[in-house]
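A short worksheet on the structure shown next.
The values are calculated or read from the model by the stated rules, or taken from the named source; none is laboratory data. Keep in mind the model is a prediction, meaning the values are calculated, not measured. The area values use the complete protein model at the heavy-atom level, side chains included, leaving out ligands, DNA and RNA. Shrake-Rupley method; radii C 1.70, N 1.55, O 1.52, S 1.80 Å.
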Amino acid sequence: MPTITVTQRSGQAQDIVIPAGVSLMEGLRDAGVEETFALCGGYCACATCHVYIAVDWAPKLPAPSEDEEDALEGCGHRTRQSRLSCQVVFVEALDGLQVRIAQED
Ligand code: FES
């Protein structure tokens, strides 16, 4: 199964396995990464699942939807690598993805 490297706010990095077909948020949550709170349950409404996608990987993801862009606008720590992990469907081609948990707003 595909593996990603996630860096938590502390700087600690870990590899986790995520099955294809689930959202990145679900994969992080199921792996016990508790820094993605996902308060709205993945409905693109809370932005508490905010992550930064590594520069090399960001262009490989589908562009954010208008709803995701709207939700990201409220994030004080938004960067060009910002995505809402609940809106990124994980696929095999993302094996090796590098993600960092965003600063909490
Ligand atoms: S879980 Fe709420 S916006 Fe992603």
Segment 23-39 - phi-based ³J(HN,Hα) in whole Hz, Karplus 6.51/-1.76/1.60, Gly and Pro as x: 6, 4, 4, 5, x, 5, 4, 5, 8, x, 7, 8, 7, 9, 6, 6, 4
When the convex hull of the C-alpha atoms of the chain is computed, what volume per residue in Å³ does it have? 89
Percent antiparallel among DSSP beta bridges with both residues in the chain, to the nearest 5? 80
In Å², and per residue, what accessible area does segment 7-51 have when probed at 1.4 Å with the other protein chains present? 51
Could you look at the chain and say what percent of its accessible area is carbon and sulfur, using a 1.4 Å probe and all protein chains? 47
Per-residue HN-Hα couplings for segment 89-105, Karplus 6.51 cos²θ - 1.76 cosθ + 1.60 at θ = phi - 60°, whole Hz, x for Gly and Pro? 7, 7, 10, 3, 5, 8, 4, x, 3, 10, 9, 10, 5, 6, 4, 6, 7
What is the chain's relative contact order, in percent, from Cα pairs under 8 angstrom and six or more apart in sequence? 40
